[in-house]
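Asker: Here's a structure for you.
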Amino acid sequence: MTQITLAEASQNLSELIDAALGGEEIIIVKDNQPVVKLTPVLLIKRRLGFGSAKGIVTISDDFDEPLEDFREYME
């Protein structure tokens, strides 16, 4: 855990962001009191449920018809 003053944080923000993305916990202090903890945002993956592609995916009417290229093998 790294503690840094607000003035130092404003001068070194990009380095602090890189450090936080690397897993380091950054605490920013003001008047010797911790005020902000810099941590990366974790993306939450949304799990798709049944029917979530309704209206997006379509199947053609001839979906299960033999392909023309394979017709000779089907006879």
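No value in this document is a laboratory result; all are computed from the given coordinates. For clarity, every value in this text was computed on a predicted model and none was experimentally measured. Virtual Cβ from ideal backbone geometry, glycine too; neighbours counted across all protein chains shown.
Asker: Take the Cα atoms of region 1-40, find their three principal axes, and give me the spread along each one in whole Å, biggest first.
Answerer: Principal-axis extents of the Cα atoms in region 1-40, largest first: 27, 18, 12 Å.
Asker: Give the residue list of chymotrypsin sites (Phe, Trp or Tyr not before Pro) in region 31-71 that are DSSP loop and have at most 13 other beta-carbon atoms within 10 angstrom.
Answerer: Listed in order of number, the matching sites are PHE50, PHE63.
Asker: Among the trypsin sites (Lys or Arg not before Pro) within region 11-75, which fall in a DSSP loop and have no more than 10 other Cβ atoms within 10 Å of their own Cβ? Please list the in-between numbers first.
Answerer: Values: sites: LYS30, LYS37, LYS45, ARG46, ARG47, LYS54, ARG71; in loops: LYS45, ARG46, ARG47, LYS54.
Counting only loop positions with at most 10 other Cβ atoms within 10 Å, the trypsin sites (Lys or Arg not before Pro) in region 11-75 are LYS45, ARG46, ARG47, LYS54.
Asker: Rounded to the nearest 0.05, what FRET efficiency do LYS45 and GLU75 give with R0 = 35 Å and r taken as the Cβ-Cβ distance? Could you check?
Answerer: Result of the calculation: an efficiency of 0.15.
Asker: Moving on to the next point. Any chance you could get the radius of gyration and Dmax over the Cα atoms of the chain, in Å?
Answerer: 28.1, 86
Asker: Rounded to the nearest 500, what is the 222 nm mean residue ellipticity of the chain from helices alone, with -39500 (n - 2.57) per DSSP H run of 4+ residues and division by all residues?
Answerer: Roughly -6000 deg cm²/dmol at 222 nm, from the helical runs in the chain.
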